[in-house]
Every structure is written in C-alpha cells, then in structure tokens.
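Worksheet for the structure shown next.
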Amino acid sequence: MTVQASSSNTSSRTVLLLGASGFIGRALGDALVPRGYSVRGTGQGQALAVDYARVLEASQWSPLLEGVDIVINAVGMLRDTPRASLLAAHQLAPIALFDACAQAGVGQVVQISALGVDGNETAYARTKRAADRHLLALHADERLNALVVRPSLVFGSGGASTRLFMRLARMPVLMMPRPMQQFGVQPVAVRELAEAIAQLLDARASGIVEIGGPRALSMAQLVATLRQQMGHAPALVMPLPDLLSQWSARAGDLVSASPWCSASLELASHDNVCDPRTLRTWLRGEPTAPEHLLATLVAPAQEGRS
C-alpha cells in the first residue's frame, strides 16, 4: 500500500498507547509527550491495565476509547507465555480493538508490526500479519486512517534482543547458528524509530511503512561491531551445526524470558532488510550507523549519529 500523508494539528490530541511500559512503547511515550500529545498508557505500572486474553470483543474496548483521537498498538511478544497467548495478544485482541476504533470514530490507528512477517509462518508472524491485514482492510473501507509500521531489528536499552547481542559481544569465542552469519538485518535505534513514528503520526501517514537502519549487516557482523565498540579484539566465531542450533532454540522455548527460541531462529533465517531512505526521510536527519549503536544505550538519540 502506498504511504500517504496529510497535515495535522497535534495540539490536545489524545493517544491511547497500548504497551506503553514495553520496550518500544516507552520510547514512543517519550517522543509523543514533548510534541503536545496527551498520552494514556496501558501496561505494567500504567494507569490502565488490559488483560489481552479477555478483551476479544469490540464492546470490551469501547470504555477505553472515550475521548481518544489516536490509538497506537505497541504490544508485542515473541511466543506464548503463561499469562498470554500470541493468538490473543497479537491477533484476536487487536482485531477487536481495531473494530472498536472504527465503531467509536477513532480517526487514526497505528499498528507496530515487524519487518518480515509476510512470507514467514511462525506463530509470531502469522498473528501479527492477521492483525495488520484486518486494520488495513478497515482503512480500505474508509472506516479509519491506518498506519502499519514494520521495523527491522530494534536496538536500545531494555530490549530483549539487545541484551542478547550485548551478551554475545562480550564472549571471546562464539558458536553461532548459520542463519545469524548469512542473513541481514538493519538495526534501528529505538529512540530514532519512535521519533520517525511520531513524525508519521504528525503527518497522518497511512499504509505500510517499513523502517530499518542505514546499513544492512548479518547478526554476526552486528555482534562483531558491538564488540569493537566495547574495545575488545575480534572474537573467534565458529558455525554451530544446524542440529545443535535447533536444539539450542528448543531449549530456549522452555524459558519464557529468553529471546532465543524456535521462533527467533526461524525469524533469523530470512533477510530482514528494507529501503534505508525511509528512516532518513521521517527522522529528518542521519540515523545512527551500526558502528555507533553502543552510544545510543547511554546518550540521547541525536548523539552518536554518523
């Protein structure tokens, strides 16, 4: 779908931000409040609490939408947890929410999806893709303005994948699954992703927007550049046999907090890249290159860019 944009006045616009306490949600809140948006957040520690296993009908969302101009769904999880299933959190609850937005006259809805969900048959991708398509269908029917943002690998403090890459970067000897050495990602700093989304929101952009950092590299190369930024010598990297890669991912399936699991192995087995000009356009500046990502963990987003 072609991205379209129109002018908009942000003053006094109220945003319902789902997943406000999450990795991307926190960055979005930090980007939106200074721009004059009034943000209501849902999530752990927020004033509004939502049990995604129980809000599967549009009528259950209606009370949360009173006085809301914009809804942003930033809820995301890699696999089922004891508290919520992917089917409920990624698909059934968002679809009910989007229907409620259409019924309540919420003019603008933003869905934070992920690059690579098309053509990928993990439960993560299938459920995200189903919600994306439902929202875009409502847009096609002119019932609301829909924007689906699909970022590549998002890097920043508090991110589960970031913690994994930082741990790997500290190891002098690594055995890596082959997909991590073969397929590309475009890491984007979380605060720069949030700033780009805020700009898209200001412009009332619609359609699907794919966002990746300024340069593609393999996950092994990302680990290597993080290690270099730490001041360490290059690590000894050896390929992990495919069978052991699968076993390690299945072992990760048993630990719900682990970012390494069967789903992440499958997602890593595809290129996760897009046109880098999109981020530059909406960020209105030069984004942080992989060689300077470490600085974004401690410095403001505008610092450490190259």
Collect the residues in segment 216-242 that are closer than 27 Å to residue 81 by Cβ and surrounded by fewer than 20 Cβ atoms within 10 Å (Cβ to Cβ), keeping them in residue-number order.
240
Picking from 252, 213, which residue would you name as being crowded, with 22+ Cβ neighbours inside 10 Å and not polar (S, T, N, Q)?
213
Anything in segment 167-197 that is surrounded by fewer than 22 Cβ atoms within 10 Å (Cβ to Cβ) and either among the small types (Gly, Ala, Ser) or closer than 27 Å to residue 137 by Cβ (or both)? List them, or say none.
169, 184
Go through segment 190-223 and count every residue that is part of a strand (DSSP E or B) and more than 25 Å from residue 22 (Cβ to Cβ).
2
With respect to residue 115, is the statement that it is surrounded by fewer than 15 Cβ atoms within 10 Å (Cβ to Cβ) and in contact with a strand residue (DSSP E or B) (Cβ under 9 Å, 6 or more places away or on another chain) true?
no
Does segment 72-90 contain at least one residue that is under 30 Å from residue 199 (Cβ atoms) and in contact with a Pro (Cβ under 6 Å, 6 or more places away or on another chain)?
yes
Consider segment 145-189. How many of its residues are in a loop (DSSP other than H, G, I, E, B) and in contact with a Phe, Trp or Tyr (Cβ under 6 Å, 6 or more places away or on another chain)?
3
For residue 109, are the conditions met, namely being buried (at least 23 other Cβ atoms within 10 Å of the Cβ) and touching a Pro at 6+ places or on another chain (Cβ under 8 Å)?
no
Which condition does residue 227 not pass, out of (1) on the phi > 0 side of the Ramachandran plot; (2) of a type in the set (Lys, Arg); (3) part of a helix (DSSP H, G or I), if it passes all the others?
(1)
Any chance residue 148 is free of Cβ contacts under 8 Å to residues at least 40 places away in the same chain, buried (at least 21 other Cβ atoms within 10 Å of the Cβ) and among the β-branched types (Val, Ile, Thr):
no
Of the residues in segment 198-210, those that are of a type in the set (Gly, Ala, Ser) and surrounded by fewer than 20 Cβ atoms within 10 Å (Cβ to Cβ) number 2
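No value in this document is a laboratory result; all are computed from the given coordinates. Computed from a predicted structure; not experimentally measured. When we count neighbours, we look across all protein chains shown, and the Cβ atoms used for this are built from the backbone with ideal geometry, even at glycine.
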